[in-house]
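The values are calculated or read from the model by the stated rules, or taken from the named source; none is laboratory data. What you see is a predicted model; the values in this text were computed from it and never measured. FYI the Cβ positions are ideal-geometry reconstructions off the backbone, even for glycines, and counts take in every protein chain you see. Accessible surface is based on the protein model in full, side chains and every heavy atom, while ligands, DNA and RNA are left aside. Shrake-Rupley method; radii C 1.70, N 1.55, O 1.52, S 1.80 Å.
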Amino acid sequence: MPDLDARAFDGPALDGTALDGNAIAGLLHEVFGTEMTSAIGTCASCGATGPLAECVVYLRAPGTVVRCRRCAGLLIVIARVRAMNCVDLRGLAALAAP
Amino acid sequence: MAGTAVRGRLTWQIATVGEVIDETPTVRTIELDVPGWAGHRAGQHLDVRLTAEDGYVAERSYSIASAPGEPVAITVQRIADGEVSPYLTGELRPGDELELRGPVGGYFVWDAGGAERPLVLAAGGSGIVPLRSILRDRQRSGSGVPARLLYSARSLPEVIYHDELDGYRDVAVTYTLTRRQPPGWTGHAGRITADLLAEVAWPVGQDPVAFVCGPTSFVEHAADGLVGLGYPPHRVKTERFGGTGGR
Ligand SMILES: Cc1cc2nc3c(=O)[nH]c(=O)nc-3n(C[C@H](O)[C@H](O)[C@H](O)COP(=O)(O)OP(=O)(O)OC[C@H]3O[C@@H](n4cnc5c(N)ncnc54)[C@H](O)[C@@H]3O)c2cc1C
Ligand SMILES: [Zn+2]
């Protein structure tokens, strides 16, 4: 099975706005109630697996976007709606807590 | 997986600014008195929240610069046109209050007494901050884990914690200066290269672990280089601060 943190990334060019899962450690903790950057996700598009910390993250108000480092597929979208976080995990085939 | 909406459990709290220390002309360390701080691990960060009078809110992450067991401190580099860092480095005074939550993160962390793998630390600019916590923790805990640091900075005056880093007797510190080198500089110049990484990084056979931190472009470059040397991707831990590193 390929690595989610495979360094080859053929998605959109990584610019200065591309961060990684560490940048949303606080947000993920808020959403899941526990530390999640070391949780292992499986990409529903390409099957890559790896820690959320190594995924590509874009912080764009009002939504945070998490993409697969291997195929650029959308893994997680978190949108803040009236002080509530709406979380879309459909891009993940699996998420194993650390 | 199904979508969910869960209420948060990590709480924002008010810290009080203690001492502030100018590290370089654009970088300041801010000590923080955080009531009930439960302690942190080397490499973790905290989130800072500024709220303007009109209710506008800006949140940013800052790595914890101090070792576990030491008072909480962050080290912030001023980004000239930034929203948050000019306030933290220019306006905040001892005794002021600052809203934050943390510590957070459990991946880009190093525990003294954990696996005894030789450490390769690679920093670009302010990416040295969490690595400094690791180095201090290693020192304070008397860990004998071999460590090497590769630090890419724009110029010598922009090297953060310079004296402290040079003071480690058992850590080989290699600098590379990307923009300006002082007269007579015999160290490395320019972006890190595969050759430089090969020189600094422990051979793969020693089962090392690498922590790479800094501007996104630096991290991509250094992590690619280490994987190119044969480091398994899961032994190259990365943390991207954003920005281009000004190159
Ligand atoms: C996990 C994590 C840990 C971090 N730890 C630290 C730390 O210990 N010390 C620290 O100083 N910063 C750290 N950062 C970066 C910090 O969170 C902010 O992004 C930074 O202070 C800029 O915020 P700002 O509001 O001043 O600038 P913004 O208003 O957000 O940005 C202004 C402009 O500067 C550019 N920019 C943003 N960030 C950077 C950067 N890092 N370098 C160069 N240009 C940039 C932007 O693209 C934009 O054009 C960390 C980031 C993350 C994700
Ligand atoms: Zn994928």
Inside the stretch A:43-74, the number of residues satisfying the requirement of being buried (at least 21 other Cβ atoms within 10 Å of the Cβ), assigned to a strand (DSSP E or B) and more than 8 Å from chain B (Cβ to nearest Cβ) is 6
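Could you pull out the residue among B:A67, B:A73 that is within 16 Å of ligand 1 (Cβ to nearest atom), in contact (Cβ under 8 Å) with a residue 60 or more places away in the chain and under 15 Å from the mean Cα position of the chain (by Cα)? I'd like the intermediate steps shown before the answer.
Numbers: B:A73 fails: in contact (Cβ under 8 Å) with a residue 60 or more places away in the chain.
Result of the check over B:A67, B:A73: B:A67.
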Any residue that is within 19 Å of B:A115 (Cβ to Cβ), facing chain A (nearest Cβ under 10 Å) and basic (K, R) - is there at least one of those in the stretch B:212-235?
no
Scanning for something out of contact with any helix residue (DSSP H, G or I) (no Cβ under 9 Å at 6 or more places or on another chain) and surrounded by fewer than 21 Cβ atoms within 10 Å (Cβ to Cβ), does the stretch B:174-185 turn up at least one residue?
yes
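Only one of B:P208, B:P183 is free of Cβ contacts under 8 Å to residues at least 40 places away in the same chain and in the same structural domain as B:V145 (by TED's automatic domain parsing); which? Spell out the reasoning first.
On the way: B:P208 fails: free of Cβ contacts under 8 Å to residues at least 40 places away in the same chain.
Checking each option against the conditions leaves just B:P183.
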Condition test on A:T34, is it more than 16 Å from ligand 2 (Cβ to nearest atom) and outside any helix (DSSP H, G or I)?
yes
What residue, of B:L50, B:L119, is of a type in the set (A, V, I, L, M) and buried (at least 17 other Cβ atoms within 10 Å of the Cβ)?
B:L119
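Name the strands (runs of 3 or more DSSP E) wholly within the stretch B:56-110 that hold at least 3 residues that are within 12 Å of chain A (Cβ to nearest Cβ)?
On the way: elements: B:57-63, B:72-77, B:97-104.
Hits in the stretch B:56-110: B:57-63, B:97-104.
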Any idea how many residues of the stretch B:33-51 are within 13 Å of ligand 1 (Cβ to nearest atom) and farther than 18 Å from A:E35 by Cα?
2
For B:Y161, state whether it is crowded, with 21+ Cβ neighbours inside 10 Å and in the same structural domain as B:D137 (by TED's automatic domain parsing).
yes
What number of residues within the stretch B:95-116 satisfy the criterion of being out of contact with any helix residue (DSSP H, G or I) (no Cβ under 9 Å at 6 or more places or on another chain) and surrounded by fewer than 18 Cβ atoms within 10 Å (Cβ to Cβ)?
8
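Among the residues of the stretch B:146-158, is any open to solvent by less than 40 Å² (accessible area, probe 1.4 Å) and of a type in the set (S, T, N, Q)?
yes
Just to check your reading of the model, which residue among B:V171, B:V236, B:V209 is at pLDDT 95 or above, under 20 Å from B:V109 (Cβ atoms), surrounded by fewer than 18 Cβ atoms within 10 Å (Cβ to Cβ) and touching a helix residue (DSSP H, G or I) at 6+ places or on another chain (Cβ under 7 Å)?
Working: B:V236 fails: surrounded by fewer than 18 Cβ atoms within 10 Å (Cβ to Cβ); B:V209 fails: surrounded by fewer than 18 Cβ atoms within 10 Å (Cβ to Cβ).
Answer to the selection: B:V171.
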If a residue must be outside any strand (DSSP E or B), at the interface with another protein chain (Cβ under 10 Å from one of its Cβ atoms), in contact (Cβ under 8 Å) with a residue 24 or more places away in the chain and open to solvent by 60 Å² or more (accessible area, probe 1.4 Å), how many such residues does the stretch A:75-98 contain?
2
